[in-house]
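Down below is the structure, laid out as structure tokens.
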Amino acid sequence: MQMELWLSIAPPLVAVIFAMWTKQVIPSLLVGLWVGSWLYTGSLTESLNQTLVYITGVLTDIGNLDVLLFLYIFSGLVALIQAAGGVQAFAQWISTFIKGPNQTLLASWGLLPITFMDCGFRVVAGGAIIKPLAKRYGVARERLAYMLNNSSSPVIVLIPLATTFIGYIIGVLNKGMQAAGISGDPLALFIQSLPFHFFSYISILITLLSLIPAFNIGMMKQWIKGKQEETTKADIGNSGVFATEFSKEFEEGKRENTEKADSAKDQTGTAMKGEKKGKGMGMKMGMDNEKPELRPRLFNIFVPIILLIALSFFLMIGSEEPSRMMLQALIITLVVSILLFLVQGLSLKKMTDRFIKGGNKLMTTIIILLLAWPISDVSQDLGLTQLIETTLQGNISPIWVPFLVFVVTATVTYFIGSSWGAWALMMPVAIPLAVTTGSSIPLAAAAVFSGGTFGDVTSPVSGMTAMSAGIAEADHMKYVQAMAPYNITAAVVSSLLFLGVSFLII
């Protein structure tokens, strides 16, 4: 009987090993799910049907559908904000306040209030705004990539509303709680875990300290001593170029913006453009640098953001269905935004095209969820909870659980390059382990999130790492080598904090 229970770890284990080998998340999850279905049915012929049963079972869960719809609609809304010129308007405004290299890098943090909604949006929109300034003041491209990358996932994972992360976070926490056989509000658990997201806090601190020249080491220190060789005198001195850059782009965009004959194909495409460097691993929203359809106006970004935040707060107060309330807030915001942009002259046809393109950019994420969630289900059907209860309890000290969970999750994420995939694989193991050993559940959950965040900003095969290097026009491997000492330092300190805090509170 004990040996049969050990088979319950086969589905996620196969998925992780296969992902480390192939560097592909989706095929790995599919193989892991199929292996689990085969073990559950005991028949190769029936395993395929059982695999489909698990996948369709995810789609019949209302909570799961809320999360999937939120991701798609939110991605579409971000695309509409870009089309309405909200990001470009903010770029024109902020350029008047920047006076040097450090101010340029700090400005990337100043963009958080309008780019916190999604990591991909944060990196691409922030990079589009800051990159001309970085070129003007001779900021090394790898430094810009590091600043963009480490101000995305580590920050956005700490925000409990109005982001593409929060819907997913609620989903994986809910699965972990179900695996542990406990009830409660996953959003409340996430809020309880926030003080323990040690990697986020330490990496943010180190990133800000890197603005001080004496703090830097290795390749970053060399780049700070002098401007990048590619930076020309024209980049440094021509202040008039940047002032008119965005208006020129807008006029060019208007001339180039003809109706595409393959519009129907665009609306049905699900490939995430610009993900080649990530080898299909990226799960964030790689927004394209499409031209705005309207004259840039600040309120075209502020109105949707403020409305979404306010509605999310209002609807979620006292609600037992936070994911449903967030979805309602998002839909209301979408309708208001469409009306706002329609009045300004953005046609419904163009908005439909942009919305579908934007939504389709998260189809990779949605597919990963459809495969990762059933792996948790099949592991439970094979006896994962009983295995943890009978084997791990008493053999692992509760003090060591958060530390071990962080190290394992960080390792898995580094090799597969996908924080969301690692969260989905590890949370159904971490929370039951914390429950059965008597460890801290919020601390264990935070260890999963922290480990995933480390891999997200450090792994050379991470979609976010590739996206940050790409938008900054940095050499990908040089950037990976340059930022590794900073993130590894943050990870070591974080692991010690997980161990130390465990001694204090458990």
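Observations, loosely collected:
- Single residue of 254, 260, 265, 248 found to be part of a loop (DSSP other than H, G, I, E, B), modelled with pLDDT under 70 and more than 24 Å from residue 498 (Cα to Cα): 260
- Looking at 195, 154, 132, just one residue is of a type outside the set (A, V, I, L, M, F, W, C), more than 23 Å from the chain's Cα centre (by Cα) and assigned to a helix (DSSP H, G or I), and that residue is 132.
- Residue in the stretch 322-334 that is closer than 26 Å to residue 153 by Cα, charged (D, E, K, R) and either modelled with pLDDT under 80 or surrounded by 23 or more Cβ atoms within 10 Å (Cβ to Cβ) (or both) present: no
- Residue 390 being touching an Asp or Glu at 6+ places or on another chain (Cβ under 6 Å), among the β-branched types (Val, Ile, Thr) and either crowded, with 21+ Cβ neighbours inside 10 Å or assigned to a helix (DSSP H, G or I) (or both): no
- Here residue 162 meets the list (1) within 18 Å of the chain's Cα centre (by Cα); (2) at pLDDT 90 or above; (3) not β-branched (Val, Ile, Thr) almost entirely, failing just condition (2).
- For the stretch 110-130, the candidate set comprises residues that are within 18 Å of residue 357 (Cα to Cα) and of a type in the set (A, V, I, L, M, F, W, C); within that set, the residue that is surrounded by the fewest Cβ atoms within 10 Å (Cβ to Cβ) is 117.
- Residue-level check: of (1) over 22 Å from the mean Cα position of the chain (by Cα); (2) at pLDDT 85 or above, residue 317 misses just (2).
- In summary, residue 71 fulfils each of the numbered conditions (1) in contact (Cβ under 8 Å) with a residue 12 or more places away in the chain; (2) farther than 23 Å from residue 325 by Cα with the single exception of condition (2).
- Test: residue 85 is on the phi > 0 side of the Ramachandran plot, in contact with a helix residue (DSSP H, G or I) (Cβ under 7 Å, 6 or more places away or on another chain) and small (Gly, Ala, Ser): yes
- Matching helices (runs of 4 or more DSSP H) fully within the stretch 1-99 where at least 2 residues are small (Gly, Ala, Ser) and surrounded by 22 or more Cβ atoms within 10 Å (Cβ to Cβ): 10-22, 25-41, 62-83, 86-94
- Within the stretch 410-425, considering residues that are assigned to a helix (DSSP H, G or I) and among the small types (Gly, Ala, Ser), the one modelled with the lowest pLDDT: 421
- Neighbours by Cβ (under 7 Å, 6+ apart or cross-chain): first from the stretch 347-365, among the basic types (Lys, Arg); second in a helix (DSSP H, G or I): 350/83; 354/79; 354/80; 354/83; 357/79; 357/266; 361/75
- Odd one out for residue 182 among (1) touching a residue at least 40 places away in the same chain (Cβ under 8 Å); (2) in a helix (DSSP H, G or I): (2)
- Filter result for residue 46 (farther than 22 Å from residue 362 by Cα and modelled with pLDDT under 80): no
- Qualifying residue in the stretch 439-456 (condition: in contact with a Pro (Cβ under 9 Å, 6 or more places away or on another chain) and outside any helix (DSSP H, G or I)): yes
- Per the conditions (1) under 20 Å from the mean Cα position of the chain (by Cα); (2) closer than 26 Å to residue 350 by Cβ, the sole criterion not satisfied by residue 92 is (1).
- Any pair with Cβ under 6 angstrom, 6 or more apart, that starts in the stretch 74-101 at a residue that is under 28 Å from residue 359 (Cβ atoms) and free of Cβ contacts under 8 Å to residues at least 24 places away in the same chain and ends at one that is aliphatic (A, V, I, L, M) and assigned to a helix (DSSP H, G or I): none
- Pairs where the first residue, in the stretch 464-477, is modelled with pLDDT of 85 or more and surrounded by fewer than 24 Cβ atoms within 10 Å (Cβ to Cβ) and the second is charged (D, E, K, R) and assigned to a helix (DSSP H, G or I), C-beta under 7 Å, 6+ apart: 474/141; 474/142
- Failed item in (1) at pLDDT 90 or above; (2) surrounded by fewer than 23 Cβ atoms within 10 Å (Cβ to Cβ), with residue 107 passing the rest: (1)
- Hits in the stretch 478-506 - residues which are more than 21 Å from the chain's Cα centre (by Cα) and under 18 Å from residue 123 (Cβ atoms): 478, 482
The values are calculated or read from the model by the stated rules, or taken from the named source; none is laboratory data. Only a predicted model underlies this, so the values are computations on that prediction, with no experimental measurement involved. Positions of Cβ are generated from backbone atoms using ideal geometry, with glycine treated the same way; all protein chains shown enter the neighbour counts.
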